Amino acid sequence: MQQLLLTVDRFSTWIGKLFAWTVVLLTLLISAEVFSRYVLNKPHAWVLDAQIMLYGTLFMFAGAYTLSKSGHVRGDVLYGFFRPRTQATIDFTLYIVFFLPGLVAMTWAGWHYANDSLAMREQTFNADPLPVYPFKFVIPFAGAVLLLQGLVEIARCVLCLQRGDWPSRDEDVEEVDVDKLKEMVHAKDVDVDAIERYVPPAQRQEGA
């Protein structure tokens, strides 16, 4: 069971990293348009629509990746103090009541929404129109991937309720690797006891 959960985690991670390359496309597209608009004095009407589609694609497919890393925003003021079983009970309830109905509705409705757009060959409204239907198919596909990852999270809640602790997740890069950063700058942890031994008692009382 654990191996299946990690496999879905890796799939969501792969999807997220694949569509993260849209950031590079966005950067190149915007840079080229700025040059064309302000240097060549030749703007393109379709670029803004393309930017919105690329950003929307990035945002939609980042959902499953973020969920697989437990990175979505949550109110941790009280949640972090609860025992794992209490956390799993809360998460399980919210997944069943809110997540599943919302994602099923989004995926189902998004599929029909995209097919309607394909049937009419929908385009953007500007001087240089772009086809919209390929972008609208992002909605059901991204919803299906996020729904799959949500089912994995529900399974994690069930396992936590049974065992009393959270199952492991597939690890990914961290924002800051503190240990490696210390090695790079040759830094050491501060020895508080050594500082207290070095500072005379009178000065410690004054500082207190």
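For V73, V104, V47, the sequence from fewest to most other C-beta atoms within 10 Å is V73, V104, V47.
Here segment 12-87 is treated as an ellipsoid with the same Cα gyration tensor; its semi-axes, largest first and in whole Å, are 39, 13, 9. Using a simple spin-label model with pseudo-atoms 7 Å out from Cα toward Cβ, V97 and L151 lie 2.4 nm apart.
What chymotrypsin sites (Phe, Trp or Tyr not before Pro) does segment 70-141 have in DSSP loop regions with at most 14 other beta carbons within 10 Å?
Values: sites: Y79, F81, F82, F92, Y95, F98, F99, W108, W111, Y113, F125, F135, F137, F141; in loops: F81, F82, F125, F137.
Passing both the DSSP loop test and the Cβ count: F81, F82, F125.
Over segment 2-176, the ratio between the Cα radius of gyration and 2.2 N^0.38 Å evaluates to 1.27. Among the chymotrypsin sites (Phe, Trp or Tyr not before Pro) found in segment 1-37, those both in a DSSP coil and sparsely packed, with 14 or fewer other Cβ atoms within 10 Å of their Cβ, are W21. Under 5 Å from the amide H of Q123 lie the amide H atoms of V132, each residue being 5 or more positions distant or on a separate chain, with H modelled from the backbone and absent for Pro and chain starts.
A short reminder: the numbers here are calculations on the coordinates, not readings from a lab. Only a predicted model underlies this, so the values are computations on that prediction, with no experimental measurement involved. Note that each Cβ is placed from the backbone with ideal geometry, even for glycine, and that neighbours are counted across all protein chains shown.
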